[in-house]
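Participant: Before I ask anything, here is the structure I am working with.
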Amino acid sequence: EQVDHDTVFNVPFGTSKSTLCTVLFQPWTWTVMPRARHMTATHTEPLGTDLAGKSLAVVRSEQYRMCFPEVVLVKQSDSLFTNTMGGERRTCTVSGKTPTGHHMHFLGTDDPIDPKGAKSLAELENASHFINNVYPSRKVNKLVTWSYLVMQRLCRGDPSEVMVEAGKKEGAIPVKQFV
């Protein structure tokens, strides 16, 4: 089914946006789409690994295994885990660890720049390039792969603004923004 919009979540810190979108969403999708492939991009590898580890802990939990015994893990590392039905969860970074070679059903970006990086034009330009060029090329199908961005608004020209503006271009998937 075609995606009707991508999403930007700009709610304040401490409101569980990363927990809901980046930690819990992936284990939930495997309960209804066990072949779903997810990738999450962050500004640093430790952040991506931490979020993936929390998601993995959900899938490994006794409660999850009891409710969804058909979801069986086969490969597990700090930045990648997969199930027996082809579902996977990978991490990458906005500048560094590249997503090249992988195509996903769900593309999440969680804190693509460090809040201190909002002062750096180079970091903003790098994040903009990632949002506009790198990540869209990792979609299984541009019409059905859902992308989301989780971050606080930091400044004009930050990744939130970049993604919202990209969704306004002719032929683009529109972007719904929650503030």
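The values are calculated or read from the model by the stated rules, or taken from the named source; none is laboratory data. Just so it is clear, the model here is predicted, and its values are computed rather than measured. Neighbour counts are summed over all protein chains in view; Cβ atoms, including those assigned to glycine, are modelled from backbone coordinates with ideal geometry. All accessible areas refer to the heavy atoms of the entire protein, side chains included, with ligands and DNA or RNA removed. Shrake-Rupley method; radii C 1.70, N 1.55, O 1.52, S 1.80 Å.
Participant: Quick check: with the 1.4 Å probe, what order do I173, I113 take by accessible area, largest first?
Facilitator: Largest accessible area first, the list is I173, I113.
Participant: Further question: Do the alpha carbons of any pairs in K54/K75; K116/K176; K75/K139 sit beyond 19 Å of each other, and which pairs?
Facilitator: Details: K54/K75 16 Å; K116/K176 26 Å; K75/K139 22 Å.
Cα-Cα > 19 Å for K116/K176; K75/K139; rest within.
Participant: Compare F68, F106 by solvent-accessible area with a 1.4 Å probe and give them largest first, with all protein chains kept in place.
Facilitator: Of F68, F106, the descending order of accessible area is F68, F106.
Participant: Lys/Arg Cβ at +1, Asp/Glu Cβ at -1, dipole of the chain taken about the Cα centre: which of C21, S147, S61 is farthest positive-ward?
Facilitator: Looking along the dipole axis, the top candidate is S61.
Participant: Find the relative contact order for the range 1-87 and round it to a whole percent, using C-alpha pairs within less than 8 Å whose residues are 6+ positions apart.
Facilitator: Relative contact order, the range 1-87: 29 percent.
Participant: Using the crude model of +1 on Lys and Arg Cβ and -1 on Asp and Glu Cβ, and no other charge, please compute the dipole size for the range 32-93 relative to its Cα centre, in debye to 20. Intermediate values should be presented prior to the final figure.
Facilitator: Working: 8 positive and 6 negative charges, 33 e Å.
Taking the Cα centre of the range 32-93 as origin, the dipole is about 160 debye.
Participant: Sort L124, L107 by accessible area with a 1.4 Å probe, largest first.
Facilitator: I get L124, L107, largest accessible area first.
Participant: Here's another thing I want to ask about it. For a bin width of 10 Å, list the pair-distance distribution of the range 32-179 built from all Cα-Cα distances, rounded to whole %.
Facilitator: P(r) for the range 32-179, in whole percents per bin: 11, 39, 33, 14, 2.
Participant: Which of the aspartates and glutamates could a cross-linker span from K168 if the Cα-Cα distance has to be under 14 Å and same-chain partners fewer than 8 positions apart are dropped?
Facilitator: Cα-Cα hits under 14 Å: D4, D6.
Participant: Just add up the charged neighbours of L20: K/R +1, D/E -1, any other residue whose Cβ is under 12 Å from the Cβ of L20.
Facilitator: Details: positive: K17, K54; negative: D110.
Local charge sum for L20: +1.
Participant: Loop only per DSSP, at most 14 neighbouring Cβ atoms within 10 Å: give me the trypsin sites (Lys or Arg not before Pro) in the range 101-142, ordered by residue number.
Facilitator: Sparse-neighbourhood loop trypsin sites (Lys or Arg not before Pro): K142.
Participant: Mind checking the range 1-77 for chymotrypsin sites (Phe, Trp or Tyr not before Pro) that DSSP puts in a loop (not H, G, I, E or B) and that have at most 14 other Cβ atoms within 10 Å?
Facilitator: Numbers: sites: F9, F13, F25, W28, W30, Y64; in loops: F13.
Answer by residue number: F13.
Participant: Dipole size in debye (nearest 20) for the range 62-179 around its Cα centre, Lys and Arg Cβ +1, Asp and Glu Cβ -1?
Facilitator: It comes to approximately 200 debye.
Participant: Net charge around K97, counting only other residues with Cβ within less than 12 Å of its Cβ (Lys, Arg = +1; Asp, Glu = -1)? Before the final figure, lay out each step's value.
Facilitator: Numbers: positive: R90; negative: E45, D78.
Charge balance near K97 sits at -1.
Participant: Follow-up question, since we're still on this one. Between M163, M66, M33, find the one with the highest GNM mean-square fluctuation for the chain; connect C-alpha pairs within less than 10 Å.
Facilitator: M66
Participant: For the range 1-54, what ratio Rg/Rh do Cα atoms give with a Kirkwood hydrodynamic radius?
Facilitator: Looking at the range 1-54, the ratio lands at 0.98.
Participant: For a quick check: with amide H placed at 1.01 Å from N, whose amide H comes under 5 Å from M85's, ignoring anything fewer than 5 positions away on the same chain?
Facilitator: Those qualifying (amide H under 5 Å, at least 5 residues apart or on another chain) are V72.
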